[in-house]
Amino acid sequence: MKRRDLLKTGVYGLAGVTLSSTLISTFQSCHSVNEYNPVYFSNTEFSFISNMVDFFIPKTETPGAVDMKVPQFIDIIISETYNIDSKNNLSNKLELLIEDFKSKNVDLSDYNSLKSKFVSDFNNKTHHEIYNQIRDLTVWGFKTSKEIALNVLNYNPIPGYQLGCIDINK
């Protein structure tokens, strides 16, 4: 084998390994809310949480919470970091909230009817614990998403700057 062929094969192999992981992560990040399979929540609960998250931070000139995949963030955070008691507590509160919506004949797939019920719940201060918990997770997931942190909040990971090798007299 010639040296040139060996170098070509090595470069192609390295490029293949590098690009394969990049492409896989790109394809995995392209899932929408409808294509996502929830880890912790049922599909109904996840759809409900997605509508709630969209109510808290809707899309305006800036991307909304659903665009930043906050519902997926909430699902993963709850499944991986909450202990069993916290998960059960959240599930019970969420079940009560969904049952309340169903008892009021609110269509869980219609965003506008959900929105009016959310507003009335906020005004009447009902189910405030679950709303606060989901709202806090929504804000956390939204603010820590890369696009929002860098482009909207103008986050600078290294505050200030260093001027090395400058003249002290200047």
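Numbers below:
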{"read-out": "Sites matching trypsin sites (Lys or Arg not before Pro) across region 86-126 that sit in DSSP coil, with at most 14 neighbouring C-beta atoms within 10 Å", "value": "LYS104, LYS125"}
{"read-out": "Linear extension gain, THR144 paired with ILE166, 0.36 nm per residue minus alpha-carbon span", "value": "4.3 nm"}
{"read-out": "Gap separating the Cα centres of region 140-170 and region 53-83, nearest whole Å", "value": "25"}
{"read-out": "Surface per residue (accessible, 1.4 Å probe) for region 41-170, Å²", "value": "64"}
{"read-out": "Positive minus negative residues near SER145 (Lys, Arg vs Asp, Glu; Cβ under 14 Å)", "value": "+2"}
{"read-out": "Simple spin-label estimate for HIS128 and THR62 in nanometres, 7 Å along Cα-Cβ", "value": "2.6"}
{"read-out": "Share of carbon and sulfur in the accessible heavy-atom surface of region 68-118 [1.4 Å probe, %]", "value": "48"}
{"read-out": "Accessible-area value, LEU150, 1.4 Å probe, nucleic acids and ligands omitted, Å²", "value": "80"}
{"read-out": "Sum of side-chain charges, PHE41 neighbourhood, beta-carbon under 12 Å (Lys, Arg +1; Asp, Glu -1)", "value": "-2"}
{"read-out": "Viscosity 1.567 mPa s, 4 °C: Kirkwood-radius Stokes-Einstein D of region 74-170 over Cα pairs, µm²/s", "value": "76"}
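The values are calculated or read from the model by the stated rules, or taken from the named source; none is laboratory data. Owing to the predicted nature of the structure, the values given are computational and were not obtained by experimental measurement. Here the Cβ is made from the backbone with ideal geometry for all residues, glycine too, and neighbour counts use every protein chain on show. With ligands, DNA and RNA removed, areas are computed over all heavy atoms of the protein, side chains included. Shrake-Rupley method; radii C 1.70, N 1.55, O 1.52, S 1.80 Å.
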